[in-house]
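A.B. asks: A single structure is presented below for examination.
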Amino acid sequence: MTRSPLNVSRFRNIFFAWWIVWAFLHCLLIRYYGFSLNTALIDSLISNGLLMGACGIVSNILRFYLPYSNRYIYVLLLCLTFSLLVNALGKFILNLSLNDPAFKEYIPFLANTYWIRLGIDFLMICCMAVICVLWYTQEEEQENRQRKNDAEKLSRDAELYKLRQQLQPHFLFNSLNSISALIVSNPGQARNMIHQLSDFLRATLRKEEEQWVKMEEELQSLELYLEIEKVRFGHRLSTAIVKDEKSGQMLIPPMLLQPVVENAIKFGLYDTTEDVTICISVSTENDMLKVTVQNPFDPETASPRHGTGFGLNSVKRRLYLLFARTDLVETSSMDHVFTTTINIPKHESDHH
Amino acid sequence: MKVIIIDDEPLARSIIKEYLQFHPELELIAECNDGFEGVKAIQQYQPDLIFLDIQMPKINGFEMLELVEDPPSVIFTTAFDEYALKAFESHAVDYLLKPFSRGRFDKAISKWLQTGKNISGKEQLGQLLKTVSSSPSEQHRVVVKLSGKIRIIPVEDIHYLEAADDYVKIHTREGGFLKNKTMGHFETILNKSQFVRTHRSYMVNITEITRIDPYEKDNHLAILKSGARVPVSKTGYVKLKSVLGL
């Protein structure tokens, strides 16, 4: 929501200073017509207090209902309505408070100056309205510009991530290097790894086009990925994948879990020297698919305060775009184990 | 001549081993799984040449080299690291891109046998380390060695830095650690909105400051949460005030 100009202390000060000056002038003018200071003060405070209130209300109304361009007639009507209201109310209160024999000259004076008062009130409220329309238009524009910048930055990041995701150069070249080593020492395993790598790359390429895939398929490509990492790192990596019967048939956005598992490998395997186990468990709870990925981490080099990186942020963003919910990804760390939990609401076409 | 291989992937080591069989003049004396083992092995065996992977757990290849007092000749091996490749190119240091052929490997060895053992190789390596230690991956931690043990200090844990001859003393909650670097180096790698050079010989983590007291003419003292008192010069005070938004 845009700020009102009256929320900015500089403008608020100017606003109040203006009313003090204006009330003072008003007071002087009434004195000039020969009324007592008391009468002049009461008249000035009541009329200008009401006018100031009306200006405040108009500013707030415009904050929520800024007219479209060329509809400024509504603003004029609004100002006219408020000036009539202020005048009627002012006349009523002044009549009540100064209706005393001591002020008998005042009541006709009040009636005589009705049109002048109305005119001044109308001009004042119009002034306030013009200032507010200019202010809010500018604020809105600034907000739009900010939003546009944010959106552009996000799409740029996403594009970069997608490129990296497609290539995964580090993973790819290291896998090829492992195959190169195996060709001499263990040709059978080398061939096996070429098949795994091809299947994984094919799955990555194909899935870009599809909207939703079965959990089973997603798990298969994750397993391929983990198998390749196992060949690279030998006995250091072991995996535990648990899933319940129902979950395999449920649908999820493709490659949603890949960045999560990559993250687990990055902190769990690339950045530790001990043997590690990466656990993936998939279950269904109240029509929600619940996926947890657990990896050990080294608190010395990968303290959680360094953030979760772009990998997990992209998962959060995708889930937000799909389900408009921000509570679907949770992370926690305990006893040097980092846990990522992802909840995926049921997709409509699950029934078919 | 003695050779050591340092790589966290067993298969990557085995391929170098395989290629080394064709170079009987080179004797493989150790294989290391990570940078920690690498530092130990280099000190123990004083090799003539090491094959060094860059991406390794906990400390990377460059950080490992910084911990070695008199590093041997290095042939870097890496799969993909744009930042490092640029540094290699600009400092004419030899490297092997995985997967590499035996032909490429032999070429690197013969180049090293011809030229690598002279002094200029060492100088290039020093220059290279200077460049890469300002790489993004090394900006959130500092690796130091204290009585043989390697410590990784996250930059948030640094209270202040103090120049001490050719070293910089890094003060943390657990005491001071010496690092063979200049203050200028830390000034380039540390986040300028968190670390301020308050004095020719001092740099302070502003999140640690509790108050700033006047001290002698034109000078100030920053009092840290730990109770340490860090000198602030006249120009340092101006910098400190602008970073703190005073």
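A.B. asks: Could you please find all residues in region B:146-174 being surrounded by 16 or more Cβ atoms within 10 Å (Cβ to Cβ), β-branched (Val, Ile, Thr) and assigned to a strand (DSSP E or B)?
C.D. replies: Across region B:146-174, the qualifying residues are B:ILE150, B:ILE153, B:ILE158, B:VAL168, B:ILE170, B:THR172.
A.B. asks: Among the residues of region B:5-28, what is the count of those that are among the polar types (S, T, N, Q) and more than 8 Å from chain A (Cβ to nearest Cβ)?
C.D. replies: Taking region B:5-28 and keeping what is among the polar types (S, T, N, Q), we get B:14, B:21.
After this cut, where a residue has to be more than 8 Å from chain A (Cβ to nearest Cβ) as well, the list is B:21.
Selection size over region B:5-28: 1.
A.B. asks: Moving to a separate point now. I'd like to check which strands (runs of 3 or more DSSP E) are fully inside region B:1-102 and have at least 1 residues that are of a type in the set (Lys, Arg).
C.D. replies: Qualifying strands (runs of 3 or more DSSP E): B:2-6.
A.B. asks: Moving on to the next point. Would you confirm, using the coordinates I've provided, whether B:THR207 is in contact with a helix residue (DSSP H, G or I) (Cβ under 6 Å, 6 or more places away or on another chain), within 26 Å of B:VAL143 (Cα to Cα) and either β-branched (Val, Ile, Thr) or in a helix (DSSP H, G or I) (or both)?
C.D. replies: Working: in contact with a helix residue (DSSP H, G or I) (Cβ under 6 Å, 6 or more places away or on another chain): no; within 26 Å of B:VAL143 (Cα to Cα): yes; either β-branched (Val, Ile, Thr) or in a helix (DSSP H, G or I) (or both): yes.
No.
A.B. asks: Is it the case that some residue within region B:84-98 is of a type in the set (Gly, Ala, Ser), within 24 Å of A:SER180 (Cβ to Cβ), surrounded by fewer than 14 Cβ atoms within 10 Å (Cβ to Cβ) and out of contact with any Gly (no Cβ under 8 Å at 6 or more places or on another chain)?
C.D. replies: So the first thing to find is which residues in region B:84-98 are of a type in the set (Gly, Ala, Ser), and the list is B:84, B:87, B:90, B:92.
Narrowing further to those that are within 24 Å of A:SER180 (Cβ to Cβ): B:84.
Those left that are additionally surrounded by fewer than 14 Cβ atoms within 10 Å (Cβ to Cβ): none.
So far as region B:84-98 goes, no, none of its residues is of a type in the set (Gly, Ala, Ser), within 24 Å of A:SER180 (Cβ to Cβ), surrounded by fewer than 14 Cβ atoms within 10 Å (Cβ to Cβ) and out of contact with any Gly (no Cβ under 8 Å at 6 or more places or on another chain).
A.B. asks: Going residue by residue through region A:77-92, is there one that turns out to be loosely packed, with under 15 Cβ neighbours inside 10 Å and in a loop (DSSP other than H, G, I, E, B)?
C.D. replies: no
A.B. asks: Follow-up question, since we're still on this one. Go through (1) without any contact (Cβ under 8 Å) to a residue 40 or more places away in the chain; (2) assigned to a strand (DSSP E or B); (3) surrounded by fewer than 19 Cβ atoms within 10 Å (Cβ to Cβ) for B:PHE177 and report which single condition fails.
C.D. replies: Only one criterion in (1) without any contact (Cβ under 8 Å) to a residue 40 or more places away in the chain; (2) assigned to a strand (DSSP E or B); (3) surrounded by fewer than 19 Cβ atoms within 10 Å (Cβ to Cβ) is unmet by B:PHE177, namely (3).
A.B. asks: Any chance region B:29-38 includes a residue that's within 13 Å of chain A (Cβ to nearest Cβ), over 26 Å from A:ASP298 (Cα atoms) and in contact (Cβ under 8 Å) with a residue 24 or more places away in the chain?
C.D. replies: Checked against the condition, which is being within 13 Å of chain A (Cβ to nearest Cβ), over 26 Å from A:ASP298 (Cα atoms) and in contact (Cβ under 8 Å) with a residue 24 or more places away in the chain, region B:29-38 yields no hits at all.
A.B. asks: Right, here's the next one. State yes or no: is A:PRO254 free of Cβ contacts under 8 Å to residues at least 12 places away in the same chain and out of contact with any Leu (no Cβ under 9 Å at 6 or more places or on another chain)? Walk me through it before giving the result.
C.D. replies: Values: free of Cβ contacts under 8 Å to residues at least 12 places away in the same chain: no; out of contact with any Leu (no Cβ under 9 Å at 6 or more places or on another chain): yes.
For A:PRO254, the condition - free of Cβ contacts under 8 Å to residues at least 12 places away in the same chain and out of contact with any Leu (no Cβ under 9 Å at 6 or more places or on another chain) - is not met.
A.B. asks: Is it the case that some residue within region A:250-270 is more than 14 Å from every other protein chain (Cβ to nearest Cβ), more than 21 Å from A:PRO296 (Cα to Cα), outside any loop (DSSP other than H, G, I, E, B) and at pLDDT 85 or above?
C.D. replies: Yes, that holds for at least one residue.
A.B. asks: How many of the residues making up region A:177-201 are at the interface with another protein chain (Cβ under 7 Å from one of its Cβ atoms) and without any contact (Cβ under 8 Å) to a residue 12 or more places away in the chain? Don't jump to the end; show me each part of the working.
C.D. replies: Our first condition is that a residue be at the interface with another protein chain (Cβ under 7 Å from one of its Cβ atoms); within region A:177-201, this holds for A:177-178, A:180-182, A:184-185.
So of that shortlist, the ones also without any contact (Cβ under 8 Å) to a residue 12 or more places away in the chain come out as A:177, A:180-181, A:184-185.
Here the count works out to 5.
A.B. asks: Hey, does region A:155-162 have a residue that's at pLDDT below 90 and either outside any helix (DSSP H, G or I) or touching a strand residue (DSSP E or B) at 6+ places or on another chain (Cβ under 9 Å) (or both)?
C.D. replies: The first filter runs over region A:155-162 and keeps only residues at pLDDT below 90, leaving A:155-162.
Now narrow it down to the ones that are either outside any helix (DSSP H, G or I) or touching a strand residue (DSSP E or B) at 6+ places or on another chain (Cβ under 9 Å) (or both): none.
No, every residue in region A:155-162 fails to be at pLDDT below 90 and either outside any helix (DSSP H, G or I) or touching a strand residue (DSSP E or B) at 6+ places or on another chain (Cβ under 9 Å) (or both).
A.B. asks: Tell me the residue from A:GLU300, A:GLU274, A:GLU218 that is over 35 Å from the mean Cα position of the chain (by Cα) and either assigned to a helix (DSSP H, G or I) or within 14 Å of chain B (Cβ to nearest Cβ) (or both), please.
C.D. replies: Numbers: A:GLU300 fails: over 35 Å from the mean Cα position of the chain (by Cα); A:GLU218 fails: over 35 Å from the mean Cα position of the chain (by Cα).
On inspection, the qualifying residue turns out to be A:GLU274.
A.B. asks: Starting from residues that are aliphatic (A, V, I, L, M) and under 24 Å from A:ALA181 (Cβ atoms), keep the ones in region A:211-234 and report whichever is surrounded by the most Cβ atoms within 10 Å (Cβ to Cβ).
C.D. replies: Start the filter on region A:211-234 by keeping residues that are aliphatic (A, V, I, L, M), which leaves A:213, A:215, A:219, A:222, A:224, A:226, A:228, A:231.
From what's left, under 24 Å from A:ALA181 (Cβ atoms): A:224, A:226, A:228, A:231.
Numbers: A:LEU224: 20, A:LEU226: 20, A:ILE228: 21, A:VAL231: 23.
Going through the qualifying residues, I end up with A:VAL231.
A.B. asks: Going by the structure shown, is B:PHE88 within 27 Å of B:GLN114 (Cβ to Cβ), within 14 Å of chain A (Cβ to nearest Cβ), touching a residue at least 12 places away in the same chain (Cβ under 8 Å) and not acidic (Asp, Glu)? Even if it seems obvious, please write down each step before you answer.
C.D. replies: Values: within 27 Å of B:GLN114 (Cβ to Cβ): yes; within 14 Å of chain A (Cβ to nearest Cβ): no; touching a residue at least 12 places away in the same chain (Cβ under 8 Å): yes; not acidic (Asp, Glu): yes.
Spelling it out, it is not the case that B:PHE88 is within 27 Å of B:GLN114 (Cβ to Cβ), within 14 Å of chain A (Cβ to nearest Cβ), touching a residue at least 12 places away in the same chain (Cβ under 8 Å) and not acidic (Asp, Glu).
A.B. asks: Something else: Report, by residue number, each residue of region A:93-121 that is outside any helix (DSSP H, G or I) and in contact (Cβ under 8 Å) with a residue 12 or more places away in the chain.
C.D. replies: Taking region A:93-121 first, the residues outside any helix (DSSP H, G or I) are A:98-100, A:104-105, A:113.
Listed by number, the residues that qualify are A:LEU98, A:GLU105.
A.B. asks: A further question follows. Provide a single number: the residues in region A:53-76 that are surrounded by fewer than 19 Cβ atoms within 10 Å (Cβ to Cβ) and part of a helix (DSSP H, G or I).
C.D. replies: Looking only at region A:53-76, we keep the residues that are surrounded by fewer than 19 Cβ atoms within 10 Å (Cβ to Cβ), and these are A:53, A:56-57, A:60-61, A:64-74, A:76.
Now drop any that are not part of a helix (DSSP H, G or I), which leaves A:53, A:56-57, A:60-61, A:64, A:72-74, A:76.
Total satisfying the criteria: 10.
A.B. asks: For region B:65-81, what are the residues that are away from chain A (no Cβ under 13 Å) and of a type outside the set (D, E, K, R)? Don't jump to the end; show me each part of the working.
C.D. replies: Pass one, region B:65-81, residues away from chain A (no Cβ under 13 Å): B:65-76.
Residues satisfying the conditions are B:LEU65, B:LEU67, B:VAL68, B:PRO71, B:PRO72, B:SER73, B:VAL74, B:ILE75, B:PHE76.
The values are calculated or read from the model by the stated rules, or taken from the named source; none is laboratory data. This structure is a prediction, so every number in the text was calculated from the model and none was measured. All Cβ positions, glycine included, derive from the backbone under ideal geometry; neighbour counts span all protein chains shown.
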